[in-house]
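A.B. asks: I am attaching a structure below and will ask some questions about it afterwards.
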Amino acid sequence: MVAIDQSNAIARAAWENRDLPNLHFVQANVWFPPFAERSLQFAMSIGVLHHTPDTLRAFRAIGALVAPGGDYMTWLYPLPEEDSFWAGLYRQRDRHFLKLGHRLPHWLTIALCHAYIAVFFPLVLRFLKAQYRVNKDRFPIYPDRPTLASCTAARCSCLSTT
């Protein structure tokens, strides 16, 4: 497994996870990643790509690395005008975890994250299915960005759209 980050924070992440022999850290630009196109079986970005100057370009750069049949999972923070369900969910998350995680032992932080996901993911999935009538492979991204909204959660078939 390889993690990339453009900032110097990657050095700290590498140090803090130095006991994990299968995890490697590379300082790199997301627009020019140090991997061959279609070379990854799985790529994931959670709450990161929207911090780049061009979110769609970053999304496509990572997607181009995924091999045919591979998986690509990404999540972006919601736009301010998006449904209040999301705002409430994030307020609840922040109320539980803001400024707490770094004070807890690592094992407890991981255990709490697993529990949080186990509790809230089924609720979020149920909401998505009811609200957007989606199946497990298709989730809305942003209604005002049709090239992204046509993407599936698990496949990169939309990357050729403009």
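The numbers here are math on the coordinates, done by the rules we state, and not lab data. Note that the structure is predicted; figures quoted are calculated from it, not measured. As a convention, Cβ positions derive from the backbone with ideal geometry for all residues, glycine included, and neighbour counts pool all protein chains shown.
A.B. asks: With r as the distance between the Cβ atoms of Ala11 and Glu37 and R0 = 35 Å, compute the FRET efficiency 1/(1 + (r/R0)^6) and round to 0.05. If you can, show how the numbers build up before the last one.
C.D. replies: Details: r = 27 Å, r/R0 = 0.77.
The formula returns an efficiency of 0.80 here.
A.B. asks: Now, a different point. Suppose R0 equals 22 Å; then what is the FRET efficiency for Arg93 and Met73 from their Cβ-Cβ distance, rounded to the nearest 0.05?
C.D. replies: Taking R0 as 22 Å, the efficiency between Arg93 and Met73 is 0.75.
A.B. asks: How do Asp5, Asp71, Asp54 rank when sorted from fewest to most other Cβ atoms within 10 Å of their own Cβ?
C.D. replies: Numbers: Asp5 18, Asp71 15, Asp54 12.
By the 10 Å Cβ count, ascending, the order reads Asp54, Asp71, Asp5.
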